[in-house]
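The values are calculated or read from the model by the stated rules, or taken from the named source; none is laboratory data. Values in this document were obtained by computation on a predicted structure and should not be read as measured data. Cβ atoms come from the backbone with ideal geometry, glycine included; neighbour counts cover every protein chain shown.
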Amino acid sequence: MAANLRRAGEHPTRVTTLRQTVIAGIKVALGAVLLTFFCNVSVAQKTPRPATAAKPQVSADAARGKYIVEGVAMCGQCHTPRDDSGAPDRSRNLEGAAVWLVSAEPVADWPLVAPRLAQSPPGTDADMVKLLTTGIWGGGKPLRPPMPQFRMSTADAEAVVAYLKSMHSEPH
Ligand code: HEC
């Protein structure tokens, strides 16, 4: 188009100017159509990409956390209330429970409750990660047994926290 304009400036006849203007107009219109088309195509191609890239990252962490919580560390053995038959009540998964384990030896300070973990864990993310990687709770001390002193990797602890926080979206 720039070439056309330059040529239009050099003593053109009326006919060629008109023809060039029409051709230039068609080119611009075609260009606009093509540009719109390609923009739409590239937008259509790009839009789902961040969504699919971001989503599995979050749910992959939570899925790993779920595996650790339910399949390895068995938090629900103590933190999920039990039904009448003594089985963990899955409809109240990790909602906090009376401690059913008793010590074989008398222990003065045996805890009565394993608090709720689902949805909003009882500490900041940093507290939770510290607890699960070192066994030390926010106050600077280990929790009382039978709460295990976990030594998870930071990545595992973060996955557990991601899962616990994601639990509100799970159907009960
Ligand atoms: C064998 C039983 C048992 C298991 C398994 C267990 N806990 Fe606990 N947990 C307890 C008890 C009992 C307490 C209360 C300890 C206390 O009061 O000192 C507790 C306390 C906690 C607390 C502190 C809550 C608060 O408000 O003070 C957190 C956080 C916690 N547990 C997380 C977990 C996570 C996460 C898992 C699994 C990765 C888990 N626990 C597995 C028994 C258990």
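Numbers for the structure displayed
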| quantity | calculated |
| --- | --- |
| Verdict on Arg92 being surrounded by 12 or more Cβ atoms within 10 Å (Cβ to Cβ) and either at pLDDT 95 or above or within 6 Å of the ligand (Cβ to nearest atom) (or both) | yes |
| Subset of the stretch 149-168 [loosely packed, with under 15 Cβ neighbours inside 10 Å and either free of Cβ contacts under 8 Å to residues at least 12 places away in the same chain or near the ligand (Cβ under 8 Å from one of its atoms) (or both)] | Ala155 |
| In the stretch 100-112, residue farthest from Asp83 (Cα to Cα) [restricted to those that are without any contact (Cβ under 8 Å) to a residue 24 or more places away in the chain and near the ligand (Cβ under 10 Å from one of its atoms)] | Leu112 |
| Qualifying positions in the stretch 113-131 - loosely packed, with under 14 Cβ neighbours inside 10 Å and near the ligand (Cβ under 8 Å from one of its atoms) | Val113 |
